[in-house]
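What follows is one structure encoded as structure tokens, with my remarks underneath.
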Amino acid sequence: MQIIIVKDYATMSELAAQIIADTIKANPHCTLGLATGSSPIGTYQNLVKAVENKEISFKDVKTYNLDEYCGISQSHPQSYYYFMHDNLFNHVDIDENNVHIPSVSSTNLEEDCKKYNDMLNSTTIDLQLLGIGGNGHIGFNEPGTPFNQETFIVKLTEKTRQDNKRFFNSIDEVPTHAITMGISNIMKAKKILMLISGKNKADTVVRLLKEEVDPEFPASILHKHPDVTVIIDQDAYSKM
Ligand code: GLP
């Protein structure tokens with residue numbers, strides 16, 4: 001695991017965008033695994049700038065998102081479908097056919113999971129971008145998720161719902177379930193890039209860097225991946 005400590009969120013976002021842009025330049029047909037949450041927003045803004053400046057193009061890039069909430073529609077401002085279009089896809093030259101986000105539209109969520117998992121198993125993600133939940137979750141793989149888990153419907157923990165409440169009007173509106181890539185899907189990516197920013201992640205960073213590999217802290221499995229870069233800003237690193 002390569003750890004890079006940077007000054008602040010802006011520097012983290014510039015560096016992460018540079019790493020992703022370099023991946024696209026090296027292989028314009030690459031496949032990216034993308035994440036939501038506040039951590040990657042600045043990275044996406046920098047990627048949009050890079051497209052505007054004609055440094056990179058998403059024309060032949062394929063993307064697979066980590067997760068999606070169940071029980072809200074794609075047009076809901078807090079759906080991850082909406083988030084990805086609002087923050088990235090609407091502003092770059094990506095082909096919508098190359099965009100993959102777990103569908104939660106059918107009446108058969110198990111079937112939706114299987115379809116997404118089959119898609120993931122028939123591709124290779126060159127670079128997977130990750131944030132981290134306060135409790136160490138990656139995607140929506142909550143503490144206790146087996147490391148060999150594939151795409152599944154997860155019941156969100158109260159901690160995660162409380163953490164994400166800030167984006168909704170009230171806790172009652174925060175979805176209780178989501179579809180997420182499993183840890184096994186995430187670990188198959190060739191390269192993983194994790195972003196951690198802010199004082200509220202300082203304890204999370206200590207656990208990630210100091211604790212043993214343990215399903216109770218899902219992100220700890222990343223220590224077993226051969227190519228992981230974690231960019232941490234000084235606030236998030238402040239308890240180390
Ligand atoms: C959500 C997402 C995760 C994300 C996490 C942290 O739960 N499913 O993919 O990493 O939030 O979000 P933030 O970056 O806002 O702290």
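The values are calculated or read from the model by the stated rules, or taken from the named source; none is laboratory data. Every value quoted in this text rests on a predicted model; they were computed, and no experiment measured them. Neighbour counts run over all protein chains shown; Cβ positions are idealised from the backbone, glycine included. All accessible areas refer to the heavy atoms of the entire protein, side chains included, with ligands and DNA or RNA removed. Shrake-Rupley method; radii C 1.70, N 1.55, O 1.52, S 1.80 Å.
Residues in the range 174-216 that are of a type in the set (A, V, I, L, M, F, W, C), touching a residue at least 60 places away in the same chain (Cβ under 8 Å) and within 19 Å of I153 (Cα to Cα): 4 in all. Residues in the range 119-136 that are in a strand (DSSP E or B) and away from the ligand (no atom under 15 Å from the Cβ): L127 only. For the range 54-73, the tally of residues that are under 20 Å from the mean Cα position of the chain (by Cα) and away from the ligand (no atom under 16 Å from the Cβ) stands at 4. Report yes if some residue within the range 200-219 is at pLDDT 95 or above, open to solvent by 20 Å² or more (accessible area, probe 1.4 Å) and under 22 Å from F83 (Cβ atoms); otherwise report no. Checked the range 200-219: at least one residue is at pLDDT 95 or above, open to solvent by 20 Å² or more (accessible area, probe 1.4 Å) and under 22 Å from F83 (Cβ atoms). Contact annotation: residue pairs with Cβ atoms under 7 Å, 6 or more positions apart or on different chains, pairing a residue in the range 30-50 that is within 13 Å of H85 (Cα to Cα) and part of a loop (DSSP other than H, G, I, E, B) with a partner that is at pLDDT 95 or above and away from the ligand (no atom under 11 Å from the Cβ), are T36/M84. State whether one or more residues within the range 137-158 are of a type in the set (D, E, K, R), at pLDDT below 95, within 12 Å of the ligand (Cβ to nearest atom) and within 22 Å of H76 (Cα to Cα). There is no residue in the range 137-158 that is of a type in the set (D, E, K, R), at pLDDT below 95, within 12 Å of the ligand (Cβ to nearest atom) and within 22 Å of H76 (Cα to Cα).
Residues of the range 154-182 that are closer than 16 Å to L109 by Cβ and open to solvent by less than 50 Å² (accessible area, probe 1.4 Å): V154, L156, P175, A178, I179, T180, M181, G182.
Residue count for the range 163-198 under the criterion of being away from the ligand (no atom under 12 Å from the Cβ) and closer than 16 Å to G134 by Cα: the result is 0. Screening Y81, Y116 for residues that are closer than 28 Å to I196 by Cβ, open to solvent by less than 10 Å² (accessible area, probe 1.4 Å), within 16 Å of the ligand (Cβ to nearest atom) and assigned to a helix (DSSP H, G or I) leaves exactly one candidate, Y116. Selection of the range 94-113 for residues being open to solvent by 80 Å² or more (accessible area, probe 1.4 Å) and charged (D, E, K, R) yields E96, E110, E111.
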